[in-house]
1. Counting pairwise Cα distances across region B:1-156, what percent come out greater than 20 angstrom?
2. How much of the DSSP beta bridge set in chain B is antiparallel, as a percent to the nearest 5?
3. With +1 on each Lys and Arg Cβ and -1 on each Asp and Glu Cβ, and nothing else charged, work out how big the dipole of region A:69-165 is about its Cα centre, in Debye to the nearest 20.
4. Are there any residues in region B:57-90 with a reduction of at least 30 Å² in accessible surface when going from the isolated chain to the assembly of protein chains? Probe 1.4 Å, please list them by number.
5. Return, ordered by residue number, the residues of region B:167-203 whose backbone nitrogen is under 13 Å from a label point located 7 Å along Cα→Cβ of B:Val23.
6. My understanding is that a pair violates if its Cα-Cα distance is over 26 Å; which of B:Lys3/B:Lys165; B:Lys159/B:Lys241; A:Lys74/A:Lys158; B:Lys19/B:Lys173; B:Lys221/B:Lys338 do that in this structure?
7. I'd like the distance separating the alpha-carbon centroids of region A:56-73 and region B:388-417, in whole Å.
8. Taking Rh as the Kirkwood radius, which is the inverse of the mean 1/r over Cα pairs, what is the Rg/Rh value for region A:1-122?
Amino acid sequence: MKGKVWKYGDNVNTDVIFPGKYTYTLMPPEEMARHALEDLDPEFASKVRPGDVIVAGRNFGCGSSREQAAACLKAAGIQAVIARSFARIYFRNAINLGLPVIQCPEAVEALEKGDEIEVDLQAGEIRSDKGNFRFPPFPESVIGILQAGGLIAFTRQKLREKGII
Amino acid sequence: MGKTLSEKILSLKAGREVKANEVVTVSPDFVLSHDNSAAIIQEFRQIGLKKVAAPEKIVIVLDHVVPAASEKHALNHKIIREFVEEQKLPHFFDIEAGVCHQVFCEQGFALPGLLITGSDSHTTTYGAFGAMAIGIGRTEMASIWATDEIWLRVPETIKFNLKGKLQPGVMSKDVILRLIGDLGAEGANYKAVEFAGEAVASLSMESRMVMTNMAAEMGAKNGYFEPDALCLEWLRGRARKEFEVIYSDPDANYEAIYEYDLSSLEPQVACPHSVDNVKKVNEVAGTSFNQALLGTCTNGRLEDLEMAVRILKGKRINRRIRMLVLPASRQVYLEALKRGWLEILAEAGAVILNPGCGPCLGAHMGVLAPGEVALSTANRNFKGRMGSRDSAIYLASPATVAASALEGQIVDPRSYL
């Protein structure tokens, strides 16, 4: 799937991805998407298109463990987040929700806002006019979760295999 | 080569000898969640199990928006209470108890050698008692409720060797701010941090909790102190289960060791809009602000309130400043009440709030307007966190916040004691 790049800097934290004031109520994903990146880029929620990609600097998703910070981007149609590095809770949350998070500093260096790119998870490659960039394949533990479509589906699958449900 | 505390705890849990960077599947001793339990319940239902795997391990504390600020928040709480009843969960603390991290420790769930996961980033707090305590997300918590297990990578460890003794008016908050400033917000990402050295003996358990709480702000997976006599004394009569004290081996492998002398440390402040933007208080002295916040899971304990009382007793905070006091728990609130401290703070002009998280995350009870500035004892100063996206937050110790509230501008608190 092809999409356009939204480019941000280092330490994009969970508060600016999804403000705390919306966190402790049950909210459907489409509503979460309307608040995505609200305090960092007020234009994002209304202009993002399915298949778009976020490209950011170091420590993306630092701060709170709030999972809406991953859920709102997925609901907004973001197909992957590419960063120099990710904060550990965010990395797990994104994988657990089936949102691919890709560490690829070379791509971050080259890509700019509005660039059209294609992310190939199977091949481990990002393709664009600025060049093609390889990223290392996900570890086995992560592939299982992504293939199942997230941790809930993965857990259901495991419990079924064990005959528990 | 010996092992670190994290390697030892995860080896015990995994039933085999493991080292940093291996992946283990393990069963935690306790798991914490709060107002986000309603979302966890929703995820848990999707898995298709009727009963949680280990009800005795689940600890739920309502604290993030208490009492409910809106009908939606009230519904959120109601869903959780009904689930607690349905699943017969034994460790539920409703809105009167306080902030989850303080309640979890006071109630004796944070114990040496335990593996604890919590769906809150500041779960790292429990390492003050020698536990391995790790923040996770809500989907992951739903999966633990269903399976009683989680996969974890064994972390490398960074050690801070602390020497000397803090000057009066300099607090453990100043220490952890300095360390975060030096290491950076990502400096300990995916890693464990060990706080060690001769200075530790002079730090109260409350002071240690400040530092493990904020280990999360350098990206750490877990942060800990090795239990000593003071720790074991604190736990006497509280511990919810038997525990084995675990220490790092003397020849354990550390990724890095940093030395700090606390004797020369000055009061520190984290400037907007990141926790690692740390300066000496004296570098920003004179900065004006609108709202002072004393409290939260970082600095809402008795020694924090006592520090503010020493500075504010018999005085009136500056008329331009709104000061909020948010004790960390009901136990702290009651004790401060009995000692007359809440009266002193209220007489000085502070607003005493019920224990909870509200203003720290901009949920309710004191949010900021555009252009406003807060000086807070909390742990995070991200843009917009306490309200408007055009507001700003400085983080400092209770001493700095109290003295600055008195003056209406940021000041070095040392001359006020």
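1. Value for region B:1-156 (Cα pairs over 20 Å): 48 percent.
2. Working: 10 of 54 bridges.
Within chain B, antiparallel bridges account for around 20 percent of the total.
3. Numbers: 12 positive and 11 negative charges, 143 e Å.
The dipole magnitude comes to about 680 debye.
4. Output list: B:Lys72, B:His73, B:Asn76.
5. none
6. Working: B:Lys3/B:Lys165 29 Å; B:Lys159/B:Lys241 29 Å; A:Lys74/A:Lys158 24 Å; B:Lys19/B:Lys173 31 Å; B:Lys221/B:Lys338 38 Å.
Check vs 26 Å cut-off fails for B:Lys3/B:Lys165; B:Lys159/B:Lys241; B:Lys19/B:Lys173; B:Lys221/B:Lys338.
7. Here the answer is 29 Å between Cα centres.
8. Values: Rg = 12.9 Å, Rh = 13.9 Å.
Looking at region A:1-122, the ratio lands at 0.92.
The values are calculated or read from the model by the stated rules, or taken from the named source; none is laboratory data. All figures in this text were calculated on a predicted structure; none of them were measured in a lab. Cβ sites come from the backbone with ideal geometry, for glycine too, and all protein chains shown count toward neighbours. Ligands, DNA and RNA are excluded from the accessible area calculation, which covers all protein heavy atoms including side chains. Shrake-Rupley method; radii C 1.70, N 1.55, O 1.52, S 1.80 Å.
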